[in-house]
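Trainee: Quick one: the structure is below, questions incoming.
Derivation of every value follows stated rules applied to the coordinates shown; laboratory data play no part. This is a predicted model, so every value here is computed, not measured. Methodologically, a virtual Cβ is constructed for each residue, glycine included, from the backbone with ideal geometry; neighbour enumeration extends over all protein chains shown.
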Amino acid sequence: MNYQELLERNSKKRTKCIVYTRVMGYHRPVESFNIGKKGEHKERIKFVESKNCL
């Protein structure tokens, strides 16, 4: 079964996911951003803390 068939098969179970990000001290949904800000959000590098930080 390929990815497209899997999505179609489970389409009734899916719900919309709203992604929030922190901007200037406030949490805002990414879907409300303009085109430029959405592009900037996609280019961000996610921080991953290493376990050996001590």
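Trainee: Between Ile35 and Met1, what is the FRET efficiency for a Förster distance of 30 Å, r being their Cβ-Cβ separation, to the nearest 0.05? Let's see the in-between values first.
Mentor: Details: r = 35 Å, r/R0 = 1.16.
Using R0 = 30 Å, I get an efficiency of 0.30.
Trainee: Let me ask something else about it. Per-residue counts of other Cβ atoms within 10 Å, averaged by peptide: what ranking do you get for 28-38, 10-20, highest first? Before the final figure, lay out each step's value.
Mentor: Details: 28-38: 11.0, 10-20: 7.4.
In decreasing order of mean packing, 28-38, 10-20 become 28-38, 10-20.
Trainee: Could you compute the net charge surrounding Arg44? Neighbours are other residues with a C-beta less than 12 Å from the C-beta of Arg44; K and R count +1, D and E count -1.
Mentor: Counting the neighbours of Arg44, the net charge comes to +3.
Trainee: Could you give the dipole magnitude of the chain about its Cα centre, charging the beta-carbon of Lys and Arg +1 and that of Asp and Glu -1, in debye to the nearest 20? Before the final figure, lay out each step's value.
Mentor: Values: 13 positive and 6 negative charges, 37 e Å.
Rounded to the nearest 20 debye, it is 180 debye.
Trainee: On to the next question. Let me make sure I get this right: for region 6-54, a, b and c are the square roots of the gyration tensor eigenvalues over alpha carbons, sorted descending. Under 1.5 in a/c it's rounded, otherwise prolate if a/b > b/c, else oblate. Which is it?
Mentor: Details: a/c = 2.37, a/b = 1.34, b/c = 1.77.
Verdict is oblate for region 6-54.
Trainee: Quick one: which of Lys16/Lys37; Lys16/Lys46; Lys12/Lys46; Lys16/Lys38 span more than 28 angstrom between C-alpha atoms?
Mentor: Working: Lys16/Lys37 21 Å; Lys16/Lys46 22 Å; Lys12/Lys46 31 Å; Lys16/Lys38 17 Å.
Cα-Cα > 28 Å for Lys12/Lys46; rest within.
Trainee: Can you pull the one-decimal nm distance between simple spin-label points at Tyr26 and Lys13, each 7 Å off the Cα toward Cβ?
Mentor: 3.7 nm
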